[in-house]
Amino acid sequence: MTTVQTNVPPQRSTLANRDDMALASVLCAYTVTAAFWLLFATAVGVLMAYKFGAPDFASGQWLTFGRLRPIHTNATFYGWASVGLVGLAYYVAARSSRTRLYSPRLAWIGLVLFNLAAVAGTIALELGFNDGNLEYREWPWPIRLIFLAALIVTAWNLIGTVARRSTTDIYLSNWYTVGGVLWTCIIAVVAILPWYQYGLGQVSVSGFYMHNAVGMWFTPLALGIFYYALPKLLSRPIYSYALGVFAFWTNLVFYPIIGAHHFLFSPLPWFLQTIAIVFSVAMLVPVWGGSANFLLTMRGRMRGMAHSYPLSFIFVGVIGYLVGSTQGTFEAFRSLQEVWHFTNFTVGHSHLTMYGFVTFAIWGGIYALLPLATDKRPSPLGLTLHFWMALVGNFIYIISLSVGGTIQGLDWIRGLPFIQSVADMQSYWVWRGVGGSLMLVSHVVFGWNVWRMTYGVGARSSLDDPSPAKAVGT
Ligand code: HEM
Ligand code: HEM
């Protein structure tokens with residue numbers, strides 16, 4: 001990087017252009033399949049949520065909690081979030097580099113591989129084939145190899161696109177997305193190799209994989225979207241390019257080493273746990289630096305959110321990133337782990353980050369960029385219903401589990417019978433089900449919105465688009 005590029009290069013797409021059409025069809029296909037996985041995985045999530053209150057509901061081997069849980073987590077991670085983010089990363093890479101996609105064919109091959117892995121993984125888990133206690137790696141390893149192949153194809157295609165840019169600099173977004181994909185190829189290989197995966201080695205790799213999946217895959221890709229969509233929506237440069245680069249490198253230095261905070265008080269070496277805690281605190285540097293960069297870019301424009309749902313989705317995503325990650329730092333302290341570990345508080349943290357941050361970021365990116373690619377918009381009613389039901393539902397979900405999880409932990413510390421903590425959680429689980437149901441209905445509306453923006457009949461953007469994005473070009 002030689003000089004500082006402060007703004008997203010302005011550019012306008014025309015559907016008459018063959019390359020634009022190829023890029024638009026790739027983005028459409030990734031978004032539609034990702035939306036399918038979101039709907040499927042969260043329908044499973046709601047079913048699970050109600051099982052906490054009524055364990056005998058929908059019983060039988062096919063619908064046991066043990067099979068449904070990994071189906072939900074893997075389908076949200078690898079079907080929804082991964083596919084949704086990669087589709088957007090392609091669009092951002094090509095547009096910000098003012099070039100065409102290196103290979104639309106490779107993008108389609110990647111899409112088939114991602115979906116093949118998700119379908120095969122889901123069927124395997126439903127049939128009871130599970131790689132055991134390896135969280136987020138429950139798909140049998142040959143299926144994880146298919147996912148790895150999809151990652152490699154994606155990395156190749158993204159790097160190829162950025163390499164043929166017609167701009168002098170690599171735009172900030174591409175630092176994050178290309179960095180994220182490359183790093184994730186490494187983690188996926190480390191996670192598959194069997195030699196050191198037994199005993200404590202396995203625990204250690206598990207922490208490394210789990211935390212890097214969220215921290216070096218979903219996080220950089222979602223931040224890459226923020227760095228592109230925000231300047232576009234606001235029609236102003238990002239507050240500080242240098243701060244963005246600083247946050248990128250500090251993220252890379254601090255994140256990979258904090259996985260052991262998932263296993264505090266375990267037989268893992270004490271020094272390793274302490275290092276993980278110290279670096280969890282250091283993570284405040286990129287998290288606060290990055291969040292400040294986004295919020296300062298938005299300063300003075302908060303009122304604009306009332307007229308732009310894409311901006312509102314992104315704003316929630318930024319707040320989710322800031323609050324969820326800061327919460328994570330506190331969760332890593334031994335004194336607080338004593339209360340919260342093994343409780344539903346952690347599940348609240350997972351949904352604050354993976355939903356309040358990552359999922360809202362993907363939605364913001366899709367609503368900001370997909371209409372520019374296809375020239376079709378969702379209806380204002382669809383946007384309103386989606387945003388508010390998802391936001392309120394997620395809020396209920398997180399608050400109920402955070403409060404309930406704390407009570408659960410305190411019950412255990414006080415040495416009450418385990419069943420007492422189960423009884424104390426009942427109403428909080430019901431509320432989680434209520435919040436989850438609202439979230440699921442919002443996903444149905446999202447599916448409708450995606451249809452209107454892609455293959456269905458949506459309002460033409462060019463006719464009366466009130467979105468500020470329109471003013472900035474592609
Ligand atoms: C830098 C900030 C962060 C720190 C220090 C942090 C810290 C933690 C800690 C200590 C736990 C373990 C809780 C326990 O087992 O008791 C945890 C769990 C988790 N975190 Fe974070 N977190 C951070 C950011 C994020 C982000 C940005 C995401 C998502 C994109 C995320 C997703 C998760 C998930 C899914 C779990 C549950 C893992 C499991 O299944 O056990 N975290 N985090
Ligand atoms: C309607 C929306 C959703 C509902 C009702 C829901 C429900 C659930 C339930 C009931 C669990 C099991 C918790 C437990 O074992 O105690 C769970 C776990 C999990 N879900 Fe969701 N979920 C939803 C959306 C999502 C989305 C969109 C994502 C990711 C993008 C996600 C990621 C996760 C993760 C990472 C876990 C494991 C949590 C942990 O171990 O800490 N969920 N979800």
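The values are calculated or read from the model by the stated rules, or taken from the named source; none is laboratory data. As the structure is a computational prediction, the values presented were derived from the model and not from experiment. Methodologically, a virtual Cβ is constructed for each residue, glycine included, from the backbone with ideal geometry; neighbour enumeration extends over all protein chains shown.
Here Ile109 passes the criteria (1) under 23 Å from Leu272 (Cα atoms); (2) surrounded by fewer than 20 Cβ atoms within 10 Å (Cβ to Cβ); (3) more than 16 Å from ligand 1 (Cβ to nearest atom) except the one numbered (1). Pairs are defined by a Cβ separation below 6 Å, a sequence spacing of at least 6 or placement on different chains, a first member in region 120-136 that is modelled with pLDDT of 95 or more, and a second member that is assigned to a loop (DSSP other than H, G, I, E, B) and within 16 Å of ligand 1 (Cβ to nearest atom); the pairs so defined are Gly121/Trp139.
Only residues that are surrounded by fewer than 20 Cβ atoms within 10 Å (Cβ to Cβ) and either modelled with pLDDT under 95 or among the polar types (S, T, N, Q) (or both) were counted across region 68-86, and they come to 1.
Selection over region 251-274 of residues that are within 26 Å of Pro220 (Cα to Cα), among the hydroxyl-bearing types (Ser, Thr, Tyr) and over 25 Å from the mean Cα position of the chain (by Cα) gives a count of 1. Just one of (1) within 20 Å of the chain's Cα centre (by Cα); (2) more than 13 Å from ligand 1 (Cβ to nearest atom); (3) surrounded by fewer than 17 Cβ atoms within 10 Å (Cβ to Cβ) fails for Thr326. It is (2). For Ala260, are the conditions met, namely being within 13 Å of ligand 1 (Cβ to nearest atom), hydrophobic (A, V, I, L, M, F, W, C) and within 20 Å of Arg334 (Cβ to Cβ)? Considered against the rule, which asks whether it is within 13 Å of ligand 1 (Cβ to nearest atom), hydrophobic (A, V, I, L, M, F, W, C) and within 20 Å of Arg334 (Cβ to Cβ), Ala260 comes out as yes. Among the residues of region 332-353, those identified as touching a residue at least 60 places away in the same chain (Cβ under 8 Å), of a type outside the set (Phe, Trp, Tyr) and either in a helix (DSSP H, G or I) or more than 10 Å from ligand 1 (Cβ to nearest atom) (or both) are Arg334, Gln337, Glu338, Val339, Asn344, Thr353.
Across region 334-367, the number of residues qualifying as of a type in the set (Phe, Trp, Tyr) and away from ligand 2 (no atom under 11 Å from the Cβ) comes to 1.
Give the residue, chosen from Gly356, Gly304, Gly365, Gly328, that is assigned to a helix (DSSP H, G or I) and modelled with pLDDT under 95. Don't jump to the end; show me each part of the working.
Working: Gly356 fails: modelled with pLDDT under 95; Gly365 fails: modelled with pLDDT under 95; Gly328 fails: modelled with pLDDT under 95.
Checking each option against the conditions leaves just Gly304.
Give the residues of region 167-184 that are outside any loop (DSSP other than H, G, I, E, B) and of a type in the set (A, V, I, L, M, F, W, C), sorted by residue number. Across region 167-184, the qualifying residues are Leu172, Trp175, Val178, Val181, Leu182, Trp183. The residue pairs whose first member lies in region 181-205 and is surrounded by 13 or more Cβ atoms within 10 Å (Cβ to Cβ), whose second member is modelled with pLDDT under 90 and not hydroxyl-bearing (Ser, Thr, Tyr), and whose beta carbons are closer than 6 Å, counting only pairs six or more residues apart or on different chains, are Val205/Gln197. Scanning region 405-427 for residues that are crowded, with 22+ Cβ neighbours inside 10 Å and either away from ligand 1 (no atom under 16 Å from the Cβ) or within 25 Å of the chain's Cα centre (by Cα) (or both) gives Gly405, Met425.
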